[in-house]
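What follows is calculated from the coordinates using simple rules that are stated; it is not laboratory data. Keep in mind the model is a prediction, meaning the values are calculated, not measured. Glycine also receives a Cβ, built like all others from the backbone with ideal geometry; neighbour counts cover every protein chain displayed.
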């Protein structure tokens, strides 16, 4: 893989194009698309061992079929983790119909990877107002990242699945300090609200700990081309072990392309140890990859 060597990339996550996120089609068609993509991904992993981390797409509009394809992709095709969108046909990720899928991911001992959603029925938040200058990417993915992280924390998903590791791709990470500050305000001052038998229950009684305490279950990608000035402050607050670098190599759109490592290494306010985490060790921790052998170690649960 000369082109990876020339870019200084040891391993790369194979992230699919938007096509396999076919949540707004019949489940049978979606499953066929997912199986085809996952099989192709598996062939690439077998052909180039130790160079790629593979993610599997699953038909989340049918959570039962999603679990079945998850099992096949992980156990038979040897893909490293499942990947889902930040919303499922416009629905947040804390809907209870998705819980059996999260339970199986946790049991298999692999991380759940979330990618900013732009296409299909859900699209991105505010899509109708982001139709110029590719703002659906610059702002839409940011909105989707905040929504996905918020729903998983505030919806109690991480209380139900405390061993679930979650990677958030393509949304940037500079928003996290503001998001956690705002969620803390919700945690301290708000009730469930709405039309619900427990509408008066304080948020403090609905989740087990303050929002920021759930950050130990998240790994989030910096868009290092857009966020170099934000990175040191975010790392200081949450620790470098929570963050990875997003390159979007080889096309570079939404990332830094082959300049990714150079940008990170040039951030003077980061220590060398912090840079090494962002450039690879944090991703190894998320995916369970041994940095030396480049093999995945899975810790299966009950």
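The table that follows gives values for the structure above.
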{"item": "Gained length - residue 76 relative to residue 229, 0.36 nm times residue gap less alpha-carbon distance", "result": "50.8 nm"}
{"item": "For the stretch 49-104: relative contact order, % (alpha-carbon pairs under 8 angstrom, 6 or more apart)", "result": "40 percent"}
{"item": "Centroid-to-centroid separation of the stretch 130-173 and the stretch 32-54 [C-alpha atoms, Å]", "result": "25 Å"}
{"item": "Rounded to 5, the percent of DSSP beta bridges in the chain classed as antiparallel", "result": "15 percent"}
{"item": "Kirkwood-Stokes translational diffusion coefficient of the stretch 178-233, alpha-carbon pairs, 10 °C, 1.306 mPa s, µm²/s", "result": "118 µm²/s"}
{"item": "Distance (nanometres) between label positions extended 7 Å along Cα→Cβ at residue 209 and residue 262", "result": "4.1 nm"}
{"item": "For the chain, built as a Gaussian network whose Cα springs stay under 10 Å, the top-fluctuating residue of 281, 192, 179", "result": "192"}
{"item": "Rg(Cα) / (2.2 N^0.38 Å) computed for the stretch 151-270, rounded to two decimals", "result": "1.25"}
{"item": "All-pairs alpha carbon distance profile, the stretch 1-90, 5 Å steps from 0, percent", "result": "3, 15, 25, 22, 15, 10, 6, 4, 0"}
{"item": "Difference of contour (0.36 nm per residue) and Cα-Cα distance, residue 216 to residue 2", "result": "73.5 nm"}
{"item": "FRET efficiency, residue 96 to residue 46 (Cβ-Cβ, R0 41 Å, nearest 0.05)", "result": "0.65"}
{"item": "Cα gyration tensor category, rounded, prolate or oblate, for the stretch 87-210 with a/c compared to 1.5", "result": "oblate"}
{"item": "Chain lengthening between residue 134 and residue 10 when straightened (0.36 nm per residue, less Cα-Cα)", "result": "41.6 nm"}
{"item": "Paired Rg and Dmax values of the chain, which use every Cα atom, in angstrom", "result": "18.7, 60"}
